1. For Glu74, list long-range residues whose amide hydrogen, built 1.01 Å from N in the peptide plane, is under 5 Å from its own amide hydrogen.
2. Go through 141-153, 196-208 and give me the packing order, highest mean Cβ count within 10 Å leading.
3. Just subtract the alpha-carbon distance of Trp103 and Asn66 from 0.36 nm times their residue separation and send over the number in nm, one decimal.
Amino acid sequence: MMRADVKRLSEAEAIGPTDRQLDAVDKVRAMSRRSQALLAAAGQSESALHWYVIRTDAHAEMAVDNLLVEANVEHWLPFMKVADRRRGGRKRTSREAVEMLAWPGYMFVRVVPKAEAWAGLRTVRGIIGVLGADEKPFPVKHEKVLQLKVFLEGNVIAIGEIAKGLKVGEMVRVNQGPFASFPGTVSELCDDGRARVEVMIFGRAVPVTLGLDQIDKG
């Protein structure tokens, strides 16, 4: 009896997958290769890349973030620091800061605006779609994303990239604060992510110190 059972087990182990099972496996592999190819198309050329805002399922931001890392798609999930609070809404006496999502359900991706890129992003589980109108996604300027990174996170890489694009004597325009919309001239670039700007107010140059996220070129 024991020998018969062993024989049956041996025969069972020798049985391979059916043609239908092989077809199913090949189909899954083909879909995986297609998804990878489409996602790879999201980063074809540095000069052709543009930032876009994507929507995700509720509480799926971190999962999408990990999947985009694996797919080698440039992206940014914004966090911001806020004061921690006790239950009941009272702040802790230590005023410890905690990180939380800046815009739950939204994140930025940098891709080539082509149908292949959108199709590739749709294969990522957790992504709902791209913000836009009439099936046309809205691009976000690279400079604006850098400024947001500085404003929310104090990102040193973003600070360096913004500073690299500015020169002493260059004309800028203030984009926030009491001097918003006023033009000015960069007089000094500081090492702490700020710049000294001579802002033209009612025909007079007034020196002010502003964050690099508070000024736009031109």
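Read-outs throughout are calculated quantities, based only on the coordinates presented, and are distinct from any laboratory measurement. Because the structure is predicted, anything quoted here is derived from the model rather than measured. Please note: Cβ atoms are built from the backbone with ideal geometry, for glycine as well, and neighbour counts cover all protein chains shown.
1. Result for Glu74 returns Arg110.
2. Per-residue mean Cβ counts within 10 Å order the peptides as 141-153, 196-208.
3. Values: separation 37, 0.36 × 37 = 13.32 nm, distance 1.75 nm.
Here the answer is 11.6 nm.
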